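The values are calculated or read from the model by the stated rules, or taken from the named source; none is laboratory data. In this text the structure is predicted, and so the values were computed from the model without any measurement. For neighbour counting, all protein chains shown are included, and Cβ atoms are generated from backbone atoms with ideal geometry for every residue, glycine included.
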Amino acid sequence: MFLTLAGVRTHVVVDDPIGPVTVPPVVLSSGLAGNWFDWDACTELLTSGRTVVRFDRPGYGLSDPWPEGEVPTIDSEVTRIRDLVDALGIDSAVLCGHSMASFYVEAFAREHPQRAAGLVILDGSVEESPRWVLPGNLREDLVLKSADVAAAAGLNRIAPTMHRLFVDSEPPEEHAEILSSEKYLRAALLENGQYPVIAHELVDVRQRYPLRAGMPVTVGAAYTGKPTPWAVSWLRQQRGFADRLHARFAVIAPSGHHVMVEQPAQVAALILDSTPA
């Protein structure tokens, strides 16, 4: 189905439970350059008793591209999630965000605490003290122009190859053309370019809105099983992040960053265990 969320025609997939219905429903939010189909295997496991909602942010999947001159922000993505649950008549849901989408689901849970039954962060971006960024208007202009130049140069043609390198799997053949589209490339570049801005915005949200007391929070960290210095440091950062959120901490292994693709059973178990049925 398609819904207008935060002013953009958005692709939304709702999978109803195939077994006895339990609550609450689950909303899955993909990270940078993620698409709804990345969650296919995980969704099959979740729908044993949960309603599962997936959606594509602008430019990704089957959603319309970003409107001319607009870039992602914390406000735009919190509004998108709010519009989504409103349109589907969902009072409260478990919010699951992968990678950069952890920024968005955490901000939503803070700003709309009664709409968040639980929060699951999968190998989320950790930014307690984000790096300095250019002034807003100047940076937005630079990000938009860079995306335009990359699209004009036809860099979208190499996107499927980059997907194979990063996700370590082939995209479903019927969806391969999505990764080669200009709108997909522009969306990924816009979101990546806005990363430090969005990180700063989340810090501000954290200062203004505490998490609801007693909200179940789970932080899952990917671990390949190889104790490299980088991997050890990453697990330490993720555990520290979980401690700051007073969250349950779990390691998803062996897995690279795209845990829902590489270890869907472990991810589904974390989500199902995050809140009581």
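Summed over region 23-64, residues that are crowded, with 22+ Cβ neighbours inside 10 Å, in contact with a strand residue (DSSP E or B) (Cβ under 8 Å, 6 or more places away or on another chain) and either on the phi > 0 side of the Ramachandran plot or part of a loop (DSSP other than H, G, I, E, B) (or both) total 10.
Assigned to a strand (DSSP E or B) and either basic (K, R) or surrounded by 22 or more Cβ atoms within 10 Å (Cβ to Cβ) (or both): is that true of R82 in this structure? It is false that R82 is assigned to a strand (DSSP E or B) and either basic (K, R) or surrounded by 22 or more Cβ atoms within 10 Å (Cβ to Cβ) (or both). Under 16 Å from I178 (Cα atoms), of a type outside the set (D, E, K, R) and modelled with pLDDT of 95 or more - does that describe any residue in region 11-27? Yes, region 11-27 contains at least one residue that is under 16 Å from I178 (Cα atoms), of a type outside the set (D, E, K, R) and modelled with pLDDT of 95 or more. Here the helices (runs of 4 or more DSSP H) wholly within region 182-277 that include at least 2 residues being in contact (Cβ under 8 Å) with a residue 12 or more places away in the chain and surrounded by fewer than 19 Cβ atoms within 10 Å (Cβ to Cβ) are 182-193, 195-208, 229-244, 264-274. Cβ-Cβ contacts under 8 Å between residues 6 or more apart (or on different chains), taken from a first residue in region 3-14 that is farther than 13 Å from P65 by Cβ to a second residue that is of a type in the set (S, T, N, Q) and in a strand (DSSP E or B), are listed as L3/T10; T4/T10. Residues considered: T51, T43, T73, T79. Of these, the only one that is within 18 Å of H175 (Cα to Cα) and at pLDDT 95 or above is T43.
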